[in-house]
Structures are given as structure tokens and as C-alpha cells.
Amino acid sequence: MAFAAAMRYMSKMLTVIMECRDQESELAQTLSVLVSGAVEGLVSDVVVLDHGSRDGSPHVADAAGCRFHTQWDLCEVLRAARGEWVLLVEAGARLQSGWIDEVMEYIALAKQAARFSPSRVYRKPLLTRIVRSVPPLECGFLVPKAQAVTTAKSGMTLSALATGQKAARLSSEMIPAWVVAGR
């Protein structure tokens, strides 16, 4: 029984994709959280799309075993993703405990996109939350690969892909990248 469940999850593995530019430390923090997902068999591969970094971002991605692209077409990147699901995140975002089990269950049962819940610990002041628009990847964007491939257009950014997309809300929390960057 456990073997059958494991095989079902393995066939629905996850590809994580993020963009960066001179975000070496942010990239390292996000990648460190994803290691547990790889160990559990959920995260099959991680792709980093670089916008001309001049810091150690390429070395961090290489050391973590990521595919690092300095030139890319999002449509091609998505088609080459190993997982049947894709998680788009900002460099610096950190998933909190419990995310692996929830994502495994979600992708085994659901067919629509989802976002993580915002961290209750790290919140901007109330007035700021009311007046600012929330960046499309602040809570990540978990989407079936087929849907992402269908939606993506050449030259599109990850944020543009996630903008305006309807998504369910996962109970697992994500600490947004702005906490690490101090924005």
C-alpha cells in the first residue's frame, strides 16, 4: 500500500522555477528549504532563470544541482521541466514546515493551480497591506505543467505567467522574499 502511494506521488513530481538577479543569499535560502522536498521525492528539479547576475548566484545554483539559464524562452523551460507540476517562487521565499506533505496530497488529488498562505509571522503593516498590490509570486504559484505550457508565451516572465490566474489557497505558509531582502 505504501509503495503504491509512493509511486503515485513519484509520477507527479514537482519542478521549481525561479528568476534571480544578484540574489545569491536569497537564492541560497530558498534552495536550502527545497532540499527536504528533493529528499522526500517531491522536487525533481530546480531551474534558475538569471537576469545578468554579477554575484555568486550561478555558483550557488550549480552547487545545489540546479539548471541555471542566462538565456531562455519560458515556453522551452516549461516543456523541459521534469515534473508534472511546476512551482514558481521568488528567490528568497521560504516554505514553512508541512509544505511537502500538503503539496504531495494536493498534486495527487487536485487539477487546479494553488498558492501558499502568507506567513502570519511576517506581515507588512495593515495600511501597507491595504494599499499595495500583492506581487503575483509573493505566495508562490503551484500549477500543473500542462496549464503552464498552454499559458506561457515567448518572452514572458514568471510573474506574468502567474498574474491573473485563479488559484486555490494551501494552508502551508510561505515567508515572502521581501522579508529576506528587507523590502
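Only the coordinates and a few stated rules stand behind these numbers; no lab work does. If you're wondering where the values come from, they're calculated on a predicted model, not measured in any experiment. So basically every Cβ, Gly included, is an ideal-geometry build from the backbone, and we count neighbours across all protein chains shown.
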Which order do Val35, Val86 fall in if you start with the one that has the fewest other Cβ atoms within 10 Å? Val35, Val86
Treating cross-link reach as a plain straight distance, find the aspartates and glutamates whose alpha-carbon is under 14 Å from the alpha-carbon of Lys111, omitting any fewer than eight places away in the same chain. Glu84
Dipole of the stretch 2-181 (Lys/Arg Cβ +1, Asp/Glu Cβ -1, origin at the Cα centre): which of Val47, Leu88, Ser32 lies farthest to the positive side? Leu88
